[in-house]
Structures are given as structure tokens and as C-alpha cells.
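Here, each number is a calculation from the coordinates, and none is a lab measurement. Small disclaimer: the values here were computed from a predicted structure and weren't measured. Note: ideal-geometry Cβ built from the backbone for every residue, glycine included; neighbour counts use all protein chains shown.
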Amino acid sequence: MSDHLALRERRWTGQVAIEGDRVTALAECAWDPADPESTTVRVNVADARLSSGLGRRLLRELIARCLSFGLTTFTVDYAGSNVTVDTMLQAIAAEAGEGYSLSGVTRRGIGHLTVRAAG
């Protein structure tokens, strides 16, 4: 099977962090196989684990996985009050040695950020 066909069969990938019997974080990526630029990334972290680095670690690993699938454009929606999203993505890019361009808007308290990997 070609890589192109393998990619078309994938529509979702994700990771879960579990501590004991509790899910403490979920990172997921979904996309339309006909439109790889439709990729949406979501990360949810339990309140007790906020600011622990867990969300950043899951997001970094998820983006690396998406890049390995050939997905290079991601949309991230987040609470507009969450100012750490931009900083977190910049740090992930620096760690990975991969350049990204960020563009976004905030409407009605929801931030909408588009992240494109440099070519």
C-alpha cells in the first residue's frame, strides 16, 4: 500500500494521559483525507494538571505524529483567555527545530489559531 493511500485511511489520531484510573489529558488530531489542510488539533488537560507541562508534551508528540503523516497545517481553537497557547507552540517549534507561521483571531472569547509548518 502506498503512503498516500495509507494517509487517506487515517482520519484521527490521538493520545491520552492516564494517572491511576483517571484520564488527565487528551490530545487529538482530526482531518478530512480529501483536504489535509483541514487538520484540527485539540488538547484538553485536567484542571489539576494545568501548568504541569503535560499539555505541551502531548501536543509536541501529537504534532510530530501529524508531521510524519504529511500534515503540515493545523487549526487550534482555544479559550481566548489562554495566552499560553502561542508561547507553547513557539516552544514546541524551537524544540523540534521546525519553523512555524502562526496566524489567528479571537471572536466571542474563542481563539482560532492556524499553524503552518515551514516548507
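Under a 5 Å amide H cut-off, with hydrogens placed 1.01 Å from N, ALA46 pairs with ALA25 among residues at least 5 apart or on other chains. Highest mean first, the peptides 55-67, 26-38, 104-116 sorted by other C-beta atoms within 10 Å per residue fall in the order 55-67, 26-38, 104-116. Residue separation of GLU37 and THR114 scaled by 0.36 nm, minus their Cα-Cα distance, works out to 26.7 nm of gained length. 3J(HN,Hα) along segment 29-39: 9, 10, 7, 8, x, 7, 9, x, 7, 8, 4 Hz, from the Karplus curve 6.51 cos²θ - 1.76 cosθ + 1.60 with θ = phi - 60°, whole Hz, x for Gly and Pro.
Scanning residues 5 or more positions from TYR100 or on other chains, those with amide H under 5 Å from its amide H are ALA118, with H placed 1.01 Å from N in the peptide plane. Each label point was placed 7 Å from the Cα along the Cα-to-Cβ direction; for ARG11 and ALA30 their separation is 0.9 nm.
The phi-based Karplus calculation (6.51 cos²θ - 1.76 cosθ + 1.60; θ = phi - 60°) puts the 3J(HN,Hα) values of segment 20-27 at x, 10, 10, 7, 9, 7, 9, 10 Hz, whole numbers, x for Gly and Pro.
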